[in-house]
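**Student:** Please read through the structure below; I'll follow up with questions.
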Amino acid sequence: MVIRTVHTCISPNIDLSEFQKDIDSVTQILTRHGSFGTFTKRIKNKKNHTCGMCEQKDDPTHVLYECARWDQERRAVEKKIERILPRENEIVDYLKSSQINWLNISEFMTVVMKKKEKGDREIKG
Ligand SMILES: [Zn+2]
């Protein structure tokens, strides 16, 4: 439901059939409902909402732009798109501007979120 809404809102002109797997991570980041301390604290009574690596508030902003844990992935996507990662106020427009932009950004989000979910499960035990 949420996924369909996000698709309708941000990418009605983009064929996502090949990239269906990626939309889940994009949705988590754009709606801020996902494997972030700020969200899991709210729904799972997690004790704190800080990033496991750097003690900063763990939210999509931190993951996308700040956390050193994702420097390598961030540099890789910035090299592909030949610019700095679009800021939060422009990332939706960037995502829907073309198929290749969608692919590059959603791939970055997917890689990061998958690794993050895996790490969070390991921390949780
Ligand atoms: Zn961090």
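**Student:** As an exercise, use a Förster radius of 25 Å and the Cβ-Cβ distance of ILE84 and HIS49 to find the FRET efficiency, rounded to the nearest 0.05.
**Tutor:** Given R0 = 25 Å and the Cβ-Cβ separation, E is 0.40.
**Student:** Using alpha carbon coordinates only, what is the Rg to Rh ratio of region 36-114, with Rh defined as the Kirkwood radius?
**Tutor:** 1.01
**Student:** Which of LYS79/LYS116; LYS57/LYS80; LYS41/LYS118 have a Cα-Cα distance over 19 Å?
**Tutor:** The pairs that break the limit, which is 19 Å between Cα atoms, are LYS79/LYS116; LYS57/LYS80.
**Student:** If neighbour count is taken as other Cβ atoms inside 10 Å, put ASP71, ASP24 in order from fewest to most.
**Tutor:** ASP71, ASP24
Since every read-out is calculated from the coordinates, none of them should be taken as a lab result. Remember, it's a predicted structure, so these values are computed and weren't measured experimentally. Please note: Cβ atoms are built from the backbone with ideal geometry, for glycine as well, and neighbour counts cover all protein chains shown.
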